[in-house]
Structures are given as C-alpha cells and as structure tokens.
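Following: one structure in structure tokens, then a few remarks.
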Amino acid sequence: MYEEMFPTRLSQLRSQKGVSARDMSLSIGQNPGYINNIETGKALPSMSSFFFICEYLGITPLEFFDTDVKVPEEFRDILINLKKLNCRQLQSIAVIVDELAKGHARKA
C-alpha cells in the first residue's frame, strides 16, 4: 500500500513547495536523481532519508501519510491558532467551516 501512495504523495508535497526533484535531492544530501527515483517508483527511501524528506518539506511523518490533508503545513498552522480561541469563537469558526464544506460538496 505505502509503495503505491508514497511516490504520489511525495510528488504532491514537493510540487506544493515549488522545488524540483533534483534540487530537493541535493538539498537532502542525495544524488541528483534520488527523489525522481522515488517518485517514479524505482526506489523507496530508508527510514532516516524519510525523516530528512519530512524535515525538508516542513511536515511530520504523520502529516506525510495523512493524504486527506492536501496542505499539511497550512492545516497545522490553522490548528495551532484554533487552540488559542475561546468557545464562542470556535463555534463561529465551526459554522463557517461547515458552510464552506457544504459548498465544496455541492461543487464536487
């Protein structure tokens, strides 16, 4: 299962960061084709390389595998700020999010 989703998720997250596979490979101390080999399914990273990949992307390993969250860094920032709100503010935000989600569901 992970062998199938890993390349797609890595490509998605790398693209969101706006960096080439070559640049990312070099930035994490690998050969220029390293990330490309992972994204094409030719290889999987070692555990330590996976942690370097997550660190480079600015996400946790859990966020990497949570494919329901398309933009994990932004999602995490929102959650951090939500924790600062009082009950009334959270209820207001909940109404807004519910309406946005309903609008999204209607478009899909």
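The values are calculated or read from the model by the stated rules, or taken from the named source; none is laboratory data. Not measured: the values here are computed from a predicted model. Cβ placement follows ideal geometry from the backbone for every residue including glycine, while neighbour counts extend to all protein chains displayed.
Mind listing just one residue for me: the one in segment 56-91 that is exposed (fewer than 12 other Cβ atoms within 10 Å of the Cβ) and charged (D, E, K, R) and, of those, farthest from Ala21 (Cα to Cα)?
By that ranking, first place goes to Arg88.
Only residues that are within 22 Å of Glu73 (Cα to Cα) and small (Gly, Ala, Ser): list them for segment 11-62, please.
Within segment 11-62, Ser11, Ser15, Gly18, Ser20, Ala21, Ser25, Ser27, Ser48, Ser49, Gly58 qualify.
For segment 1-56: of the residues being aliphatic (A, V, I, L, M) and in contact (Cβ under 8 Å) with a residue 40 or more places away in the chain, which is nearest to Val69 (Cα to Cα)?
Filtering segment 1-56 for residues that are aliphatic (A, V, I, L, M) and in contact (Cβ under 8 Å) with a residue 40 or more places away in the chain, the one nearest to Val69 (Cα to Cα) comes out as Leu13.
If I filter segment 94-105 for residues that are surrounded by 14 or more Cβ atoms within 10 Å (Cβ to Cβ) and either outside the structural domain of Gln16 (by TED's automatic domain parsing) or among the acidic types (Asp, Glu) (or both), do I get at least one hit?
no
Which is over 14 Å from the mean Cα position of the chain (by Cα), part of a helix (DSSP H, G or I), surrounded by fewer than 18 Cβ atoms within 10 Å (Cβ to Cβ) and aliphatic (A, V, I, L, M), of Leu26, Leu44?
Among Leu26, Leu44, only Leu26 is over 14 Å from the mean Cα position of the chain (by Cα), part of a helix (DSSP H, G or I), surrounded by fewer than 18 Cβ atoms within 10 Å (Cβ to Cβ) and aliphatic (A, V, I, L, M).
Checking Ser92 against (1) under 14 Å from Phe6 (Cα atoms); (2) part of a helix (DSSP H, G or I): exactly one of these is not met. Which one?
That leaves (1) as the condition not met.
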